[in-house]
Amino acid sequence: MNRSASLSAPPRRTRGTVLAGLAILGLAGVLFVVRGPLLMSAPRCFAGRWHGCYDTENGVLLMTLVALPLAALVALALARVRRAAGGRSAWRTSLAEVGMVYGTVPFVWITMMPGPGAGVVSGRVSLIPFRDLLTMGPLGIGGNLLVFAALGFFAPMRFAALASVPRILALGAGCSAVIEIAQYVLRLDRVSSVDDVLVNAAGAVLAALASRRWWRTTAAEAPSDRPRPAPASAG
C-alpha cells in the first residue's frame, strides 16, 4: 500500500475545496459591487433587445454571468464524451476549451463596440508606449488585463505548443494587435493604442503564470515528436 499517496490525497482535496470556496466568495463579492449597473441592463437583456443590452458593457457582462451554467454544462458534456472515449485529462482539456471561449469572447465583444462617432470620426492611433496608461485609471487597466486573461490561463492547458511564457506573451500581443488594427480599420471611434497591446499581453502572461502547475503537466504529457528507436531483433 502506498501510504504517502493516501496521505497526500486529503490535503490536495482540502486545498481544492478551499480554492473553490475562495473563488465563489470572490465572485459573490464582485457581483455585490456591480449589482446596480447589471440590474439596470437586465430588463432589456431578458426582453431580447439589442440596444441597451448587447451594445453596452453592463449588458454583455450580465449575459456572460447568465451563460455561466450553460458553459459549465458544455464542459461537463465534453468531459464525459472524452472519458467515454478513453481520452486522457478529459476534465482539464474540456474545461480549458470552454474557458478560453467563455472568458475571452465577451471582453473582445466589449473592445469592438463602436463609439458615438463610429463611421464618421477617423481612426486615432497612439504609438508612444506608457503615455495612455496615465489616462486609463485603475478600472481601465484592470479591464485591459482581463481581455486575454482567460486565453492566457487556459491555452497552455489545452495546447502543449503554447506552454511557455514567451509564446503566451506573443499570443496575447498578437491577438491584441489584431483588435487594435480592426478598431482603426473599421473606424469604431476608438483609440488604437500600443498601451492596450502591452497591458493585454501582460494580463495573458500573468494569467498563464497562475495556471503554470497545470500546463507544465500538459507539456510533459504531450507525445514526443522524436522518432522512437526500433526494437532490437532477437538472434
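Quick notes on this one:
- Residue by residue, region 92-106 carries 3J(HN,Hα) couplings of 5, 5, 5, 4, 5, 4, 5, x, 4, 6, 5, x, 10, 4, x Hz when phi is fed to the Karplus relation 6.51 cos²θ - 1.76 cosθ + 1.60 (θ = phi - 60°); x denotes Gly or Pro.
- Environment charge of D55, counting only residues whose C-beta is closer than 12 Å and scoring Lys/Arg +1, Asp/Glu -1: +1
- Other-chain or far-sequence residues with amide H under 5 Å of S193's (modelled H): S126
- When the charge dipole of region 48-176 is built from unit charges on Cβ atoms (+1 for Lys and Arg, -1 for Asp and Glu) and taken about the Cα centre, the candidate among G174, M100, A75 whose Cα reaches farthest toward its positive end is A75.
- Kirkwood-Stokes translational diffusion coefficient of region 91-221, alpha-carbon pairs, 25 °C, 0.890 mPa s, µm²/s: 162
- Here the dipole of region 91-221 is about 280 debye; that uses its Cα centre as origin and unit charges on the Cβ of Lys and Arg (positive) and Asp and Glu (negative).
Read-outs throughout are calculated quantities, based only on the coordinates presented, and are distinct from any laboratory measurement. Bear in mind the structure is a predicted one, so any value in this text is a computation, not a measurement. Cβ atoms come from the backbone with ideal geometry, glycine included; neighbour counts cover every protein chain shown.
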